[in-house]
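Right, one structure below, let's go through it.
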Amino acid sequence: MALKSGLVGGAAALAGCIGGDSGNGNSSGNGNGDPGAGAADPVEERVDERFTMALHRGTYNMNNASWNPYDPNSAMSNFDPPGLIFDPTIIHYQSHDTFQGVVADNWEEEDGSVLVEFSEEWEWHNGDPVTVNDWKTDLDIRFAISDITSPDSPASSYISDYEVVDDYAIRFNLHDDYSLESVLVNELAAMLMIKEDMGNPSFGDWRDDLQDAVSDEDTQVVSDFQEWSPELDEVVGNGPFEIKEVTDTTFVTEVYDNHPNADNIYFTEYAIEHHEDQVLALSEESVDGISLNLPESPDVMQQLPDIYEINRDYDHVWSVLFNFGNYDFPSSPAENPSNQPITEDRRVRHAIASALDREQIWASVPEEYELYELPPTFLNQTAVDEGLVDVEGYDNYDVDEERAVSLMEEAGYQRDDGQWYGEDGEPAQLTLLAQSSTSVQVDGLDAVQHQLEEFGFDVTLDAVDEATYGEGRLNGDHDIIFDNHPVFSIFGLTYVDFVWEWFMQLNHADYNETSWEIPAEIGNPDASETMEVNVMDEIDQLHLTGDNEYLQRLTWWYNQVLPMYGCVIAGDYGAIRAADWHVDAPDELLDNRVAEFNLTKISDAELIPRQE
């Protein structure tokens, strides 16, 4: 609230410290002092205690869920129950871009291939060893489905084929000489959820049927498999907890004593419960933790118990996102578009950014949002602090009306009596599109409208229902929308199938075929020489080399072409009650998604009940 009153310099400090710090940098309170102040010490041996997390989204229908990872509804991707009973090969700590081995204890690149070696310590909850043969079953199923449903496309952009070396080693041969980091992030940091003999028929039986499928039977076998799931009593995990009891609202597990990290778990049960309002459940102490959905409004935050923050770098930036107006490329979603946005001109985009005061936008949106203080880069503060990209000299697009006027005039507009007119004598019009039920969009664009009208644009704000908004933005019925995109990982820049396909639909820009001319000297917007950058080519080179040079070029392209102008951060972190639980772990673990599970998988992490 102090920040809303204008104390902007404290924004970065407050972002990770909503009301106190325990001294280890890993926790925060509700404004009443250090978290857990006066609380009992952690126990020193396992006690009969249950840790309860709120289900992070949806209802999951836990007692009737599909336990087939190939379920087309992707129920398993909701993390929660699978995150408890299955372990990953490797964890990728996204914000820090580092890796932690779990089941895999070694990985190395060799002549266009990657060798992954498993630890021999892991076992399934029925006592069978976890070997690479189970991982191979998963891969066999994936590649067989791809051969049936997409015979002309590779099953993996990275992996051409794979071979078991022995029970604890598997080699992946690559299509190209990709960097080890890219292969790990996009392919090999995977959860081990398939056991060859799990189910009746088993995953191994289905693998055989899929590999043997021929002619018109092909797609039916795939459909039959995707509709199938092991029964709940057939599910066998390999993680630190095994299934104990499941109802339609609660998933209860107990420590599996033969797990390699079992000696570091000081409580007996871990439960996941469905609550309609997760934050309310935390504030009423009905659960010990929630994985996302904070921060809430300041008055709600003040009512929370003292907490440790987890998943604390899971941020999204809300940005003024510009329409480039290219509706003719093959993957364009636009149907019969009629709007030709003036924001297709880079000079107009730069002028708008220079005319806008994002602090005014920040002051207009709900109080839980924070000011985004970095130059437009698609990065968060952690990535910059880690030195992954040097943003020195990047254009911050600070308020500069003189610059904005010069840019508009350079683009062919003239201002008469405070109103901008194009070369055709028509007013310079902007259409802002918002979803009426999303307050941050409406409030943010209301501030944008006010400022741009003051600058001289003829501005219309269309606040419409969800269906109209969805259709309108795909058809390009806007010059500007206020939308959000993830900045919790530098690899947000490189998720081609997700982020850039999505941007194509919103920006209406053909990122595959377009090359942009930008200043050749990174960090100097006024450089006289220029270079051409194609987004997808830069991403390809980043994957092939792992060289941050290409990440630097991508962020510089973003800063200069300006597909969007970041304004406010939407934090989305979770919390664990500090009065009853002690939490400690490396920053990499606590910053990134699913810390609530990794706290029980990693030996140097602590989730320990306090003494009663």
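Numbers for the structure displayed
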{"item": "Index of the failed condition, residue 612 passing every other in (1) outside any helix (DSSP H, G or I); (2) open to solvent by less than 10 Å² (accessible area, probe 1.4 Å); (3) not hydrophobic (A, V, I, L, M, F, W, C)", "result": "(2)"}
{"item": "Selection within the range 198-252 - of a type in the set (S, T, N, Q) and more than 30 Å from residue 281 (Cβ to Cβ)", "result": "200, 202, 211, 215, 219, 220, 223, 226"}
{"item": "Wholly within the range 281-387, strands (runs of 3 or more DSSP E) carrying at least 2 residues that are more than 30 Å from residue 251 (Cα to Cα) and not aliphatic (A, V, I, L, M)", "result": "315-322"}
{"item": "Subset of the range 420-442 that is surrounded by fewer than 19 Cβ atoms within 10 Å (Cβ to Cβ), under 24 Å from the mean Cα position of the chain (by Cα) and of a type in the set (Gly, Ala, Ser) - its residue that is farthest from residue 354 (Cα to Cα)", "result": "437"}
{"item": "Boolean, residue 378 is buried (at least 21 other Cβ atoms within 10 Å of the Cβ), in contact with a Leu (Cβ under 8 Å, 6 or more places away or on another chain), among the aromatic types (Phe, Trp, Tyr) and more than 30 Å from residue 301 (Cβ to Cβ)", "result": "no"}
{"item": "Any hit, the range 225-244, residues being surrounded by fewer than 17 Cβ atoms within 10 Å (Cβ to Cβ) and under 27 Å from the mean Cα position of the chain (by Cα)", "result": "yes"}
{"item": "Among residues of the range 571-587, those that are farther than 19 Å from residue 240 by Cβ and open to solvent by 20 Å² or more (accessible area, probe 1.4 Å), counted", "result": "5"}
{"item": "Of all residues in the range 454-488 being open to solvent by 10 Å² or more (accessible area, probe 1.4 Å) and of a type in the set (Gly, Ala, Ser), the one that is farthest from residue 569 (Cα to Cα)", "result": "467"}
{"item": "Index of the failed condition, residue 406 passing every other in (1) within 30 Å of residue 294 (Cα to Cα); (2) of a type in the set (Gly, Ala, Ser); (3) out of contact with any Gly (no Cβ under 7 Å at 6 or more places or on another chain)", "result": "(1)"}
{"item": "Tally, over the range 501-557, of residues that are part of a helix (DSSP H, G or I) and either open to solvent by 20 Å² or more (accessible area, probe 1.4 Å) or not hydroxyl-bearing (Ser, Thr, Tyr) (or both)", "result": "27"}
{"item": "Some residue of the range 397-419 being open to solvent by 90 Å² or more (accessible area, probe 1.4 Å), at pLDDT below 95 and more than 20 Å from residue 346 (Cα to Cα)", "result": "no"}
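The values are calculated or read from the model by the stated rules, or taken from the named source; none is laboratory data. This structure is a prediction, so every number in the text was calculated from the model and none was measured. Here the Cβ is made from the backbone with ideal geometry for all residues, glycine too, and neighbour counts use every protein chain on show. Each accessible area value is taken on the protein alone, full model and side chains, heavy atoms only, with ligands, DNA and RNA left out. Shrake-Rupley method; radii C 1.70, N 1.55, O 1.52, S 1.80 Å.
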